[in-house]
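The values are calculated or read from the model by the stated rules, or taken from the named source; none is laboratory data. Just so it is clear, the structure is predicted and the values come from calculations on it, not from any experiment. Virtual Cβ from ideal backbone geometry, glycine too; neighbours counted across all protein chains shown.
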Amino acid sequence: MMFDPSKPLLSLTDKAADHVRGLVEKGGDGVIGIRVGIRTAGCSGMKYHVEYATEKKPFEDTITEKGVTVIVDPAAVMFLIGSEMDWQEDKFASGFVFSNPNETARCGCGESFSVS
């Protein structure tokens, strides 16, 4: 897999930034942003993971965009380069959605992905 170092690590849509801002405001004392990572899961191998961040850990990348802070787990960097994070809502579900140019496959239900 070839990565383009000129691509941003991760960008956010306006909807994603607005939702992150709301989460941080409701997150309580010490929440500085959200952390994005990758977990082993699903039938395709990997799943995006988003959680509150109360500190920046060693070797983590920090993205400050549109007034919000997103911290990226170092183990996820090579899988996220050039991705865009969005927030989508419909009648049945809501959540962060990633448009990732590095994905080579995604499971049928959309829960997990793989990168080769």
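Across the stretch 24-49, what is the total count of residues that are under 14 Å from Gly95 (Cβ atoms) and at pLDDT 95 or above? Number satisfying all stated conditions: 2.
Which count do you get for residues in the stretch 88-109 that are part of a strand (DSSP E or B) and modelled with pLDDT of 85 or more?
Of the stretch 88-109, the ones part of a strand (DSSP E or B) are 88-89, 94-99, 105-106.
Imposing the further condition that a residue be modelled with pLDDT of 85 or more reduces the set to 88-89, 94-99.
Of the residues in the stretch 88-109, 8 are part of a strand (DSSP E or B) and modelled with pLDDT of 85 or more.
Taken together, the residues in the stretch 43-65 that are buried (at least 17 other Cβ atoms within 10 Å of the Cβ) and either over 24 Å from Glu25 (Cβ atoms) or among the aromatic types (Phe, Trp, Tyr) (or both) amount to 3. Identify all residues within the stretch 36-49 that are farther than 14 Å from Ala17 by Cα and out of contact with any helix residue (DSSP H, G or I) (no Cβ under 6 Å at 6 or more places or on another chain); write none if there are none. Matches in the stretch 36-49: Arg39, Thr40, Ala41, Gly42, Cys43, Ser44, Gly45, Met46, Lys47, Tyr48, His49.
What are the residues in the stretch 70-97 that are among the polar types (S, T, N, Q) and out of contact with any helix residue (DSSP H, G or I) (no Cβ under 8 Å at 6 or more places or on another chain), if any?
We begin by selecting, within the stretch 70-97, every residue among the polar types (S, T, N, Q); these are 83, 88, 94.
Matches in the stretch 70-97: Ser83, Ser94.
Each residue in the stretch 66-80 was checked for being closer than 16 Å to Glu25 by Cα and of a type outside the set (Lys, Arg), and 4 of them qualify.
Conditions tested, residue by residue: (1) in contact with a strand residue (DSSP E or B) (Cβ under 7 Å, 6 or more places away or on another chain); (2) modelled with pLDDT under 90; (3) assigned to a loop (DSSP other than H, G, I, E, B); (4) within 18 Å of Arg21 (Cα to Cα).
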| position | (1), (2), (3), (4) |
| --- | --- |
| Glu51 | yes, no, no, yes |
| Lys56 | yes, no, yes, yes |
| Asp86 | yes, no, no, yes |
| Glu111 | yes, yes, yes, no |
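Mind checking which residues of the stretch 64-80 are more than 16 Å from Arg39 (Cα to Cα) and either in contact with a Ser or Thr (Cβ under 7 Å, 6 or more places away or on another chain) or part of a loop (DSSP other than H, G, I, E, B) (or both)?
Here is the first cut: in the stretch 64-80, the residues more than 16 Å from Arg39 (Cα to Cα) are 64-70.
The answer is Glu65, Lys66, Gly67, Thr69.
Criterion applied to Val68, Val115 was being surrounded by 13 or more Cβ atoms within 10 Å (Cβ to Cβ), at pLDDT 95 or above and more than 11 Å from the chain's Cα centre (by Cα), and the one residue passing it is Val68.
Figure legend. Inter-residue proximity from the stretch 69-94: first residues within 16 Å of Lys47 (Cβ to Cβ), second residues acidic (Asp, Glu) and assigned to a strand (DSSP E or B), beta-carbon distance below 8 Å, spacing 6+ or different chains. Indicated pairs: Val72/Asp61.
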